[in-house]
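Q: Attaching a single structure in structure tokens format; questions to follow.
The values are calculated or read from the model by the stated rules, or taken from the named source; none is laboratory data. Keep in mind it's a predicted model, so treat the numbers as computed, not measured. No Cβ is skipped: glycine too gets one built from the backbone with ideal geometry, and neighbour counts run over all protein chains shown. Please note that ligands, DNA and RNA were not included when accessible areas were found on the heavy atoms of the full protein model with its side chains. Shrake-Rupley method; radii C 1.70, N 1.55, O 1.52, S 1.80 Å.
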Amino acid sequence: VAIRQLSAFVPNEAGALAEITEIFYRNGIDLRAITVYDTSEYGIVRCIVDDADRAIVLLQAEGVVSKISEVAAIDPADEPGSLARVFKLFGDHKINIDYIYSFVVRKNDSQYFVFKVDNISKAEDLLRENGIKVIESLA
Amino acid sequence: VELIDANYLESYGLLESLNQRIRNNLKTVLGIDAKVNLVAPRTLQRYEGKAQRVIDLREGK
């Protein structure tokens with residue numbers, strides 16, 4: 001069971017991110033994580049919200065090009081080397097990581113890491129087999 | 001060029017290859033090597049069908 005992530009196309013200009021977050025705010029969508037990096041003209045905002053299905057309908061209604069994709073999220077042990085272990089595991093099994101970001105979950109004081117990989121089901125199986133906690137739901 | 005297909009949001013690589021493909025097609029069909037910018041839908045000014053007269057004010061013309 002993968003986590004659902006929203007991706008939205010935004011121009012690289014002042015106020016572009018505010019438009020997205022305003023839509024979420026007006027409709028009571030709770031933002032859990034957000035990341036963006038840009039090219040010179042545009043960026044892709046990637047975020048995790050409490051209701052991705054409703055959020056994407058709202059974004060598309062406002063003309064924002066957006067889509068939902070599946071990502072793996074883990075809660076690794078809070079100790080040196082725990083991420084290194086994950087990267088090594090993926091590398092050994094030829095799983096390519098497209099991008100990664102992390103966020104803190106206040107209610108259980110955890111830091112989750114989100115991965116976009118080329119083979120998500122294989123990646124999640126490997127993580128579980130190796131005793132790494134895979135997040136099933138963020139709701 | 002206005003982006004409408006959300007499937008390209010999977011990665012920057014896909015968006016860049018789309019950009020390059022449009023640029024290559026323009027070059028092949030029109031013979032123009034133009035810089036292509038991807039923008040959000042309905043943000044480009046619509047063609048109004050009016051002639052735009054340009055006066056060349058460069059020196060020596």
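Q: When a/c reaches 1.5 or more, the comparison of a/b and b/c decides; with that in mind, is the stretch A:97-136 rounded, prolate or oblate per its Cα gyration tensor?
A: oblate
Q: Can I ask one more? What is the packing order of peptides B:28-35, A:128-135, A:117-124, taking the mean over residues of other C-beta atoms within 10 Å and listing the highest first?
A: A:117-124, A:128-135, B:28-35
Q: Quick check: from the Cα gyration tensor, does the stretch A:19-79 come out rounded (a/c under 1.5), prolate or oblate?
A: In terms of gyration-tensor shape, oblate.
Q: Please work out the FRET efficiency for the pair residue B:11 and residue B:44, using the Cβ-Cβ distance as r and a Förster radius of 25 Å; give the result to the nearest 0.05.
A: Efficiency, rounded to the nearest 0.05: 0.55.
Q: Can you tell me the orientation of helix B:12-30 relative to chain B, as the angle in degrees between its alpha-carbon axis and the longest Cα principal axis, to the nearest 10?
A: With both axes taken from Cα atoms, the answer is about 40 degrees.
Q: Could you rank A:26, B:53 by how accessible they are, 1.4 Å probe, largest area first?
A: Details: A:26 140, B:53 205 Å².
Descending order: B:53, A:26.
Q: Label-point separation (nm) for residue A:60 and residue A:97, each offset 7 Å from Cα along Cα-to-Cβ?
A: 3.1
Q: List every residue whose amide H lies under 5 Å from the amide H of residue A:42, counting only residues 5 or more places away in sequence or on a different chain, with H placed 1.01 Å from N in the peptide plane.
A: A:12
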